[in-house]
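**Q** Provided herewith is a single structure, encoded as structure tokens, for subsequent inquiry.
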Amino acid sequence: MDLLEQEGFVYKESGLGTKVLSNLTLLDDEPLVIEHNYMPVSQVPALSKRILEGSIYSYLHKKLHIKFGGVFRRIKADLPDKYDRQYLGANESTPILEIEQIVWTNSGVNLEYSRSRNLYSNRSYIMVETSH
């Protein structure tokens with residue numbers, strides 16, 4: 001977690017054949033969300049800082065022509081850990097919203113595992129279901 005001590009995205013290859021993208025998102029110089037994304041090296045070639053400073057999803061869709069097939073998303077409330085207290089300013093009892101997700105391609109390849117945590121007051125989700 002020392003990665004968060006640097007400003008902006010941190011990108012490193014892990015020994016597990018994945019790319020780890022860590023980010024501490026700021027809004028008006030205040031920490032908003034701690035994110036960690038894991039992507040298989042084989043699925044995201046030539047990833048660079050320039051790409052990360054833009055949109056990795058645009059890179060995946062437009063340059064690599066990857067289409068998402070689905071997503072599993074778990075949203076839960078949690079108590080803050082030491083990083084939430086250190087980086088987000090939470091106290092021992094501040095509720096934390098955690099979103100964990102797995103994204104796969106339309107060919108069934110797992111493309112991303114991510115986990116993000118933020119103060120309960122900084123993020124919300126709206127879900128809409130439609131039928132075709």
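The values are calculated or read from the model by the stated rules, or taken from the named source; none is laboratory data. The structure displayed is predicted, hence computed values, not measured ones. Every residue, glycine as well, gets a Cβ built from its backbone with ideal geometry; the counts of neighbours run over all protein chains shown. Quick note on the areas: whole protein, heavy atoms, side chains included, nothing else; ligands and nucleic acids left out. Shrake-Rupley method; radii C 1.70, N 1.55, O 1.52, S 1.80 Å.
**Q** When the residues of region 38-74 are filtered to those that are within 14 Å of TYR113 (Cβ to Cβ) and touching a Phe, Trp or Tyr at 6+ places or on another chain (Cβ under 6 Å), which remaining residue is modelled with the highest pLDDT?
**A** GLY70
**Q** Which residues, counting only those in region 80-96, are closer than 21 Å to THR25 by Cβ, open to solvent by 30 Å² or more (accessible area, probe 1.4 Å) and without any contact (Cβ under 8 Å) to a residue 40 or more places away in the chain?
**A** The answer is ASP81, LYS82, ARG85, GLN86, ASN91, PRO95.
**Q** Tally up the residues in region 93-106 that are under 22 Å from HIS61 (Cβ atoms), in a strand (DSSP E or B) and not aliphatic (A, V, I, L, M), please.
**A** Residues flagged as under 22 Å from HIS61 (Cβ atoms), in a strand (DSSP E or B) and not aliphatic (A, V, I, L, M) within region 93-106 amount to 3.
**Q** Determine which member of the set ALA77, ALA90 is part of a loop (DSSP other than H, G, I, E, B) and of a type in the set (A, V, I, L, M, F, W, C).
**A** ALA90
**Q** Considering only residues that are farther than 30 Å from GLU30 by Cβ and outside any loop (DSSP other than H, G, I, E, B), which ones fall in region 107-132?
**A** Of everything in region 107-132, those that are farther than 30 Å from GLU30 by Cβ and outside any loop (DSSP other than H, G, I, E, B) turn out to be ASN110, LEU111.
**Q** Another question, if that's okay. Going through region 86-108 one residue at a time, which ones are within 16 Å of the chain's Cα centre (by Cα) and farther than 16 Å from ASN122 by Cα?
**A** Of everything in region 86-108, those that are within 16 Å of the chain's Cα centre (by Cα) and farther than 16 Å from ASN122 by Cα turn out to be GLU100, GLN101, ILE102, VAL103, TRP104.
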